[in-house]
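A.B. asks: One structure follows; several queries about it will come next.
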Ligand code: SF4
């Protein structure tokens, strides 16, 4: 343990003030804080709650239903990051659609899906574009590449999300936020600084190592002790105030803001990204004249409350019993970044 970590550890373990609620917004932080044993250092008065930072978890049920419709009704080959395949839809998951004969393929990058479309021109390929500012640029690059090459057998089903308006929706849920370092690496820090200056929302940007996470937590606790709103970038080796201009440029070129449905948080105005009109031919909803599809979440699942920090995964009645990573009832148990999956793996409660 280096000197910085020892200092951070002493601040965290020595805290004896008023009860604090600190929300880590990022799913990777959720898992790393558990995996590195940092939760065990936190005194009783400090509660660490998870927020809506796992892209698979916040994707609405209706989006899964749309993907199933494209696969089963339109015969499209649906390419997706692997986690999404097991997320339950209203009637079935993509794994269920595959069992009925649908062609569902896990890919590592949107460009893998472009390559499939390029190499098999008779196949209609759909890529499921989910995620935050971290993954949206690569989906935009895929759409731009397909347009430049004139690939008419490739399209995107979009559910891309942006964090700023989600933060606004979460104001009041916690005393301070631990912001996702990889998102701020793209967007820069202006949004978080503005939240602090204009709405009094405190938070720190954190990296992903034990030292970075402990430092971020210690800075949060010290800042909250002082009682004034604060914002600090605790991940300066990666996050710059201006973000990543090239990534921002391609997002603005290919997509534009839209209202977006978040699991648990409902419809948040201008919290999503959709393809611009120039890319309509690459938008699966337009290309296949998709009807309006509204999903119905399983009433037993409390993912919505988990994602807002209103309850812990272990407060859900089916946690670890009916709902396990092998047989997930909700998205938060499926994803490697999901809070229910982290509690299942690390909390020792099952
Ligand atoms: S334990 Fe399962 S059912 Fe309960 S909130 Fe988590 S994912 Fe949903």
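A.B. asks: Which stretch or stretches of the stretch 211-229 have amide N atoms under 20 Å from the point lying 7 Å from residue 241's Cα along the Cα→Cβ direction?
C.D. replies: Only 229 pass the distance filter.
A.B. asks: What residue among 24, 212, 73 has the largest mean-square fluctuation in a Gaussian network model of the chain, using Cα springs under 10 Å?
C.D. replies: Comparing 24, 212, 73 in a Gaussian network model of the chain, the most mobile one is 73.
A.B. asks: Still on this structure, I have one more. What's the whole-number percent of alpha carbon pairs in the chain lying beyond 38 angstrom?
C.D. replies: 17 percent
A.B. asks: Would you give the gap between the C-alpha center of the stretch 325-346 and the C-alpha center of the stretch 97-145, rounded to a whole Å?
C.D. replies: Computed from Cα coordinates, the inter-centre distance equals 24 Å.
A.B. asks: For the stretch 35-165, report the % of Cα-Cα distances exceeding 27 Å.
C.D. replies: 28 percent
A.B. asks: Let me ask something else about it. For the chain, what is the percent of antiparallel DSSP beta bridges, rounded to the nearest 5?
C.D. replies: Percent antiparallel among DSSP bridges in the chain is about 25.
A.B. asks: Still on this structure, I have one more. Have a look at 328, 236, 110 and tell me which one the Gaussian network model of the chain (Cα, springs below 10 Å) gives the largest fluctuation.
C.D. replies: Most flexible of the set in this elastic network: 236.
A.B. asks: For helix 190-199, report the angle its Cα long axis makes with the longest principal axis of the Cα atoms of the chain; keep it between 0 and 90° and round to the nearest 10°.
C.D. replies: 60 degrees
A.B. asks: Output the relative contact order of the stretch 46-191, whole-number percent, from Cα pairs under 8 angstrom with separation of 6+ residues.
C.D. replies: That works out to 21 percent.
A.B. asks: Tilt of helix 110-119 relative to the longest C-alpha principal axis of the chain, in degrees (0 to 90, nearest 10)?
C.D. replies: The angle comes out near 20 degrees.
A.B. asks: With the contact rule set at Cα under 8 Å and sequence spacing of 6 or more, what percent relative contact order holds for the stretch 1-295?
C.D. replies: With pairs under 8 Å counted, the relative contact order is 21 percent.
A.B. asks: I want to verify a result. In a Gaussian network model of the chain, Cα cutoff 10 Å, which of these has the top mean-square fluctuation: 282, 34, 177?
C.D. replies: 34
A.B. asks: Which whole-angstrom value gives the distance between the alpha carbon centres of the stretch 290-307 and the stretch 8-75?
C.D. replies: First find each Cα centre; the distance between them is then 18 Å.
Bear in mind these aren't lab numbers, they're just calculated from the coordinates by the rules spelled out. Model, not experiment: these values are computed from the prediction. Backbone-built Cβ (ideal geometry, glycine too); neighbour counts: all protein chains shown.
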